[in-house]
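Asks: Below you will find the structure I want to go over with you.
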Amino acid sequence: MLRHAIRGLRNSRRWISSKNFTSRVGVERAVARESVDCVVIGAGVVGIAVARELALKGREVVVIEFASTFGTGTSSRNSEVIHAGIYYPRNSLKAIFCVRGRELLYKYCSEHEVPHKQIGKLIVATRSSEVPKLNDLMIRGNENGVDGLRMLEGFEAMEMEPELQCVRALLSPASGIVDTHSLMLSLVGEAENHRTTFCYNTAVIGSHLEGDRICLHISESKDLENWDRRFPLHPEVILMAKLVVNSAGLSAPALAKRFDGLNSTVIPAPHYARGCYFVLSKMKTPPFKHLIYPIPEDGGLGVHVTLDLDGQIKFGPDVEWINGVDDISSFLNKFDYSVCAKRVERFYPEIRKYYPNLKDDSLEPGYAGIRPKLSGAQQSAVDFVIQACRNTQSAISSFLPNWELYPLNALISCKIPGKFLDLSIVFIFS
């Protein structure tokens, strides 16, 4: 039973009979209620980091995760790159958090022996028309406080990387790579050591407000997987929490709309962009020692070169905008992560712009990830969103002075690594 999986909570339980939760034949069901301090929805790297931070502050934390273990979504389907903070507009939250987060991440990895390496990155212009964009990136990176940026002539970059072809390059020594699984494993271990409870194969199917508590409707993941959508979902347990963090990743916007009492019009519209990776095979020695990035493209940073800590080279991701993802499909995690082998035909010409010696038939399908974005195709990039109700504005303003806040109904949307305010609901959107 699900209620036995939510261990580490108070032993006493209060049972209620509620007309809100009736079976499909109209018979009232008894639903277990449990009071908890903090609930984090989603055990990706952000959710785990939030849970750890709250636990270290002495809070009682329960993490609800749909999958059978942590980090199965976007957190394990990315380039595993530690970014320096070059790409984001000056004074944006993304720029501020990226620069500070990179410093904290290197420190954490060093102190907790998480495998990582500061190998540096070259952002390359392969033709003269791209040089102005490269100059803009250097200006933006300097404005954001990224240390060590240096513009290189093409011959200087090619001396560093003999297989590279470019006319100019921006060197970012602060960029690096990290073993994301080891990082998440370390964060989970710390959280559990501070009495955080992780509940896997478990789902939040809705919520309602009762006074100063958020009542989360909890069910088993298999109930959602078998849901025929003709009848409403029924909770097996109701968790009454003081603080709820929705870090459900790709499903976060759809889940937010299932929180009764919140104005769904303030929830940002999601956009999804799938990106595929292909692995370089048939080579004993990696052709590159640094990360190699082209000029950014719409929706992504271009098909770039990434090394893992074992020296394996992968290229990607590309950008494929996914349309028609309805709220139910998003809520049920119905996303397609397959890699179409034919997409490699688009990779070869893009890669050969900076790696002309790439041989035919040397790329094999790797994996795919899906970017959860707040802006769609041909739209300007959107910063993190912070929204607060009127009675919490002063608290947020003290943390983020000079930041515009919107007085909305009992909703705060934010992404603040290492600093979480004691408010009713936190939605993490990026």
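Asks: Tally up the residues in the range 121-132 that are assigned to a helix (DSSP H, G or I) and exposed (fewer than 14 other Cβ atoms within 10 Å of the Cβ), please.
Replies: Residues flagged as assigned to a helix (DSSP H, G or I) and exposed (fewer than 14 other Cβ atoms within 10 Å of the Cβ) within the range 121-132 amount to 3.
Asks: Starting from the range 316-344, keep only residues that are over 24 Å from I41 (Cα atoms), then list their pairs with residues that are basic (K, R) whose Cβ atoms are within a distance under 6 Å, requiring at least 6 positions of separation or different chains.
Replies: Sorted first by the residue in the range 316-344, then by its partner, the pairs are E320/R274; I322/R274.
Asks: What pairs come out if I take residues in the range 283-296 that are farther than 16 Å from L170 by Cβ and pair them with residues that are open to solvent by less than 30 Å² (accessible area, probe 1.4 Å) and outside any loop (DSSP other than H, G, I, E, B) whose C-beta lies under 8 Å away, six or more apart or interchain?
Replies: If the second residue must be open to solvent by less than 30 Å² (accessible area, probe 1.4 Å) and outside any loop (DSSP other than H, G, I, E, B), the pairs left are M283/I313; P286/L280; P286/L307; P286/I313; P287/L280; P287/I313; K289/L307.
Asks: Would you point out which residue out of I64, I96 is modelled with pLDDT of 95 or more, of a type in the set (A, V, I, L, M, F, W, C) and either within 30 Å of L332 (Cβ to Cβ) or surrounded by fewer than 20 Cβ atoms within 10 Å (Cβ to Cβ) (or both)?
Replies: Within the list I64, I96, the selection yields I64.
Asks: A follow-up question, please. Quickly run through the range 288-310 and pick out the residues that are surrounded by fewer than 20 Cβ atoms within 10 Å (Cβ to Cβ) and modelled with pLDDT of 95 or more.
Replies: K289, the sole residue that qualifies.
Asks: Can you find even one residue in the range 130-150 that is without any contact (Cβ under 8 Å) to a residue 12 or more places away in the chain and under 26 Å from the mean Cα position of the chain (by Cα)?
Replies: Of the range 130-150, the ones without any contact (Cβ under 8 Å) to a residue 12 or more places away in the chain are 132, 136, 139, 142.
From what's left, under 26 Å from the mean Cα position of the chain (by Cα): 142.
The answer is yes; a qualifying residue exists.
Asks: I've got another one for you. I'm trying to understand the selection: among the residues of the range 28-57, which are outside any strand (DSSP E or B) and either without any contact (Cβ under 8 Å) to a residue 12 or more places away in the chain or among the hydroxyl-bearing types (S, T, Y) (or both)?
Replies: Within the range 28-57, just K57 meets the criteria.
Asks: Where in the range 154-272 are there helices (runs of 4 or more DSSP H), lying wholly inside it, with at least 2 residues that are open to solvent by 40 Å² or more (accessible area, probe 1.4 Å), under 30 Å from G311 (Cα atoms) and among the hydrophobic types (A, V, I, L, M, F, W, C)? Reasoning before the result, please.
Replies: Numbers: elements: 154-160, 180-193, 221-225, 252-256.
Ranges flagged: 154-160.
Asks: Do we have N91 as touching a strand residue (DSSP E or B) at 6+ places or on another chain (Cβ under 8 Å) and either open to solvent by 20 Å² or more (accessible area, probe 1.4 Å) or assigned to a loop (DSSP other than H, G, I, E, B) (or both) here?
Replies: In short, no.
Asks: Still on this structure, please answer the following. If you take the residues in the range 273-287 that are more than 27 Å from the chain's Cα centre (by Cα) and surrounded by 13 or more Cβ atoms within 10 Å (Cβ to Cβ), which one is nearest to R77 (Cα to Cα)?
Replies: My answer is P286.
Asks: Scanning the range 67-88 for residues that are more than 18 Å from A203 (Cβ to Cβ) and among the aromatic types (F, W, Y), which turns out least open to solvent (accessible area, probe 1.4 Å)?
Replies: By that ranking, first place goes to Y87.
Asks: Return the pair list, or none, for Cβ contacts closer than 7 Å from residues in the range 76-95 that are in contact (Cβ under 8 Å) with a residue 12 or more places away in the chain to residues that are among the β-branched types (V, I, T) and in a loop (DSSP other than H, G, I, E, B), at least 6 apart or on different chains.
Replies: Every condition considered, the pairs that remain are A84/V146; G85/V146; I86/V146.
The values are calculated or read from the model by the stated rules, or taken from the named source; none is laboratory data. Quantities reported herein were computed from a predicted structural model and do not represent experimental measurements. So basically every Cβ, Gly included, is an ideal-geometry build from the backbone, and we count neighbours across all protein chains shown. Accessible surface areas use protein heavy atoms only, side chains included; no ligands, DNA or RNA. Shrake-Rupley method; radii C 1.70, N 1.55, O 1.52, S 1.80 Å.
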